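The values are calculated or read from the model by the stated rules, or taken from the named source; none is laboratory data. These numbers come from a predicted model, not from an experiment. Backbone-built Cβ (ideal geometry, glycine too); neighbour counts: all protein chains shown.
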Amino acid sequence: MSPNLAELFGKLDLLPHLGALEHFFSRPQNIAIPGDQERHYRYIEALDALEFKAPPKSVGFETILNHLKKQGVLRFEDIFELLKVVRYFRTLRNQGYPGLIGEWMNTIVIPEGFGEIDEYFDESGKFIESRDEELYKIAQRVKAIKTEIAESMKRLLHTQKLTAYLVDTQIHYIHDEECLLVRGGFNHVLKGSVIARTGAGFFYVAPDALLRSKEQLRYVLQERDAALYEYAKRFSTKLAGLIPFIGFIDREFDRFDHYQARVLFARSRDYAIMKPSCDDAIVLEEFAHPALHNPKPVSIAFKGNLLLITGVNAGGKTMLLKSILSACAMAKYLIPMKLNAHKSRIGSFKRIEAVIDDPQNVGNDISTFAGRMVQFAHLFEHKSALIGVDEIELGTDSDEAAALFAIVLDELIKRGQKIVVTTHHKRL
């Protein structure tokens with residue numbers, strides 16, 4: 001999320017709401033969907049009409065693509081990240097969805113090169129070694145050596161001379177080494193290397209009797225690693241020829257991730273996703289700000305250029321202002337919210353500005369009034385914006401404020417701004 005957007009959502013108390021939405025993403029995403037929002041809304045609406053499973057958790061392919069472009073060898077974990085997305089799109093394509101989603105899935109044609117790679121990985125991403133005869137034989141040798149090591153350890157545990165030095169009769173694994181937990185003086189009956197010590201003064205010892213078997217195991221595992229590396233090289237070479245498709249499917253998955261997260265989040269809370277209308281009218285029916293617990297729904301029609309909100313302290317003026325701006329911000333970025341979508345209409349705004357906090361800065365020697373003037377000067381730089389100002393007269397004399405800010409508001413309206421203001425001043 002960009003700093004400016006994070007600042008706006010922070011002022012409007014929407015960050016926890018966005019955090020809840022982010023849990024539905026498959027991979028980290030910027031909250032804003034790049035491109036035509038009208039087009040995105042049509043696809044979100046089409047997806048919402050279908051039943052589908054959430055995609056698997058994934059990572060972006062930027063690092064993987066850079067590695068392939070440099071003719072590097074991918075790890076199996078990276079290869080499986082690609083396969084997860086390919087498998088998911090293949091599943092969606094095979095569903096034969098109607099309409100927009102079906103047409104979209106038909107444009108994602110999986111190259112045959114993925115087929116050979118795909119058959120070597122199970123659903124959890126584990127490489128299926130049994131598909132290769134040599135790797136299968138190596139796996140059997142590894143199993144046999146490990147069995148031999150385990151049996152040797154059991155024989156040691158039942159050695160009568162060692163019994164007096166054993167703390168327990170378990171086989172411990174310290175730094176991937178099979179060890180016995182023994183008391184001091186063990187060296188009289190057991191030859192081995194001390195791997196670690198306990199706080200109570202006991203020793204984890206790797207018996208020398210296992211050295212030969214462990215050396216055999218290391219040698220066989222090196223053979224296995226070399227064979228697996230050859231597969232990784234072969235797969236990476238094949239994937240390097242599919243770089244354009246990998247870049248394409250990465251972008252398409254990002255786009256789908258934005259859609260599915262919004263749809264599933266909205267379903268989970270019975271929220272609605274609003275598309276901004278072409279005008280600047282704001283009509284909210286039964287809107288509830290997500291930061292409030294057991295909120296009283298807000299219904300308001302704001303079709304003019306200026307809305308003044310006044311009332312007693314703690315009467316809800318600021319929250320009403322935040323609710324109006326929040327609804328517009330969530331509609332702008334197609335974020336699910338609680339309201340009656342059939343009776344609501346939210347306009348389209350190029351920018352949304354919230355002037356809410358006290359701008360006083362002692363370090364920069366800026367008073368509240370001077371800070372507010374700086375904020376208003378910034379607002380004059382934009383057009384077609386929705387502006388919310390809380391306590392517009394902050395830092396000024398009441399009579400002076402009414403005259404001053406009446407002029408400021410008139411000038412902003414002339415520039416096509418739509419403004420929501422809270423104030424205590426009846427003269428304003």
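Just one of the listed residues (Arg234, Arg218) is assigned to a helix (DSSP H, G or I) and modelled with pLDDT under 95, and it is Arg218. Just one of Val189, Val205 is of a type in the set (Val, Ile, Thr), buried (at least 17 other Cβ atoms within 10 Å of the Cβ) and more than 40 Å from the chain's Cα centre (by Cα); which is it? So the residue among Val189, Val205 that is of a type in the set (Val, Ile, Thr), buried (at least 17 other Cβ atoms within 10 Å of the Cβ) and more than 40 Å from the chain's Cα centre (by Cα) is Val205.
If you take the residues of segment 2-29 that are part of a loop (DSSP other than H, G, I, E, B) and within 15 Å of Ala329 (Cα to Cα), which of them is modelled with the lowest pLDDT? Checking each candidate, the answer is Ser2.
For segment 279-322, give me each residue that is in a loop (DSSP other than H, G, I, E, B) and either basic (Lys, Arg) or buried (at least 17 other Cβ atoms within 10 Å of the Cβ) (or both). Those that are in a loop (DSSP other than H, G, I, E, B) and either basic (Lys, Arg) or buried (at least 17 other Cβ atoms within 10 Å of the Cβ) (or both): Asp280, His289, Pro290, Lys296, Lys303. Under 7 Å by Cβ, and 6 or more places apart or on different chains, what pairs join a residue from segment 275-302 that is within 21 Å of Phe349 (Cβ to Cβ) with one that is among the β-branched types (Val, Ile, Thr) and part of a strand (DSSP E or B)? Short answer, once both residue conditions are applied: Pro276/Ile346; Ser277/Ile346; Ile282/Ile346; Leu284/Val298; Leu284/Ile300; Phe287/Val298; Ala301/Val283; Phe302/Ile282. Put simply, of Glu112, Glu119, Glu151, Glu177 the only residue that is within 40 Å of the chain's Cα centre (by Cα) and farther than 30 Å from Phe256 by Cα is Glu177.
Within segment 122-136, the set of residues being among the charged types (D, E, K, R) and surrounded by 13 or more Cβ atoms within 10 Å (Cβ to Cβ) comprises Glu129, Asp132.
Mind checking which residues of segment 235-261 are out of contact with any helix residue (DSSP H, G or I) (no Cβ under 9 Å at 6 or more places or on another chain) and not hydrophobic (A, V, I, L, M, F, W, C)? Thr237, Pro244, Arg251, Asp254, Asp257, listed by residue number. Among the residues of segment 78-107, just one is touching a residue at least 12 places away in the same chain (Cβ under 8 Å) and at positive phi, namely Gly99. Residue count for segment 269-278 satisfying the condition of being farther than 18 Å from His17 by Cα and surrounded by 13 or more Cβ atoms within 10 Å (Cβ to Cβ): 3.
Taking the condition in a helix (DSSP H, G or I) and aliphatic (A, V, I, L, M), does Ile110 pass? No; evaluated as a whole, the condition is false for this residue. If I filter segment 47-54 for residues that are part of a loop (DSSP other than H, G, I, E, B), aromatic (Phe, Trp, Tyr) and more than 23 Å from Pro276 (Cα to Cα), do I get at least one hit? There is at least one residue in segment 47-54 that is part of a loop (DSSP other than H, G, I, E, B), aromatic (Phe, Trp, Tyr) and more than 23 Å from Pro276 (Cα to Cα). Output yes when any residue across segment 157-166 is in a helix (DSSP H, G or I), hydroxyl-bearing (Ser, Thr, Tyr) and surrounded by 13 or more Cβ atoms within 10 Å (Cβ to Cβ), and no when none is. The answer is no, given that none of the residues of segment 157-166 is in a helix (DSSP H, G or I), hydroxyl-bearing (Ser, Thr, Tyr) and surrounded by 13 or more Cβ atoms within 10 Å (Cβ to Cβ).
Results for (1) touching a helix residue (DSSP H, G or I) at 6+ places or on another chain (Cβ under 8 Å); (2) modelled with pLDDT under 70; (3) over 27 Å from Tyr259 (Cα atoms), shown as yes or no for each residue.
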position: Lys350; (1), (2), (3): no, no, no
position: Ala377; (1), (2), (3): no, no, yes
position: Lys383; (1), (2), (3): no, no, yes
position: Leu394; (1), (2), (3): yes, yes, yes
position: Asp399; (1), (2), (3): no, yes, yes
position: Ala402; (1), (2), (3): no, yes, yes
position: Leu412; (1), (2), (3): yes, no, yes
position: Val421; (1), (2), (3): yes, no, yes
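Listed by first and then second residue, the pairs with beta-carbon distance under 7 Å, at least 6 apart or on different chains, first residue in segment 21-35 and of a type in the set (Asp, Glu), second surrounded by 18 or more Cβ atoms within 10 Å (Cβ to Cβ), form an empty list.
Which one is farthest from Lys11 (Cα to Cα) among residues in segment 323-332 that are of a type outside the set (A, V, I, L, M) and crowded, with 23+ Cβ neighbours inside 10 Å? Even if it seems obvious, please write down each step before you answer.
Let us first name the residues in segment 323-332 that are of a type outside the set (A, V, I, L, M), namely 323, 326, 328, 332.
Now restrict to residues that are crowded, with 23+ Cβ neighbours inside 10 Å: 323, 326, 328.
Values: Ser323: 11, Ser326: 10, Cys328: 14 Å.
Checking each candidate, the answer is Cys328.
Annotation note: Cβ proximity below 7 Å between a residue of segment 254-265 that is in the same structural domain as Gly35 (by TED's automatic domain parsing) and touching a residue at least 60 places away in the same chain (Cβ under 8 Å) and a residue that is surrounded by fewer than 22 Cβ atoms within 10 Å (Cβ to Cβ) and of a type in the set (Lys, Arg) (sequence gap 6+ or interchain) occurs for Asp257/Arg27. In segment 191-239, what residues are without any contact (Cβ under 8 Å) to a residue 40 or more places away in the chain and among the charged types (D, E, K, R)? Hits for segment 191-239 are Lys191, Arg197, Asp208, Arg212, Glu215, Arg218, Asp225, Glu230, Arg234.
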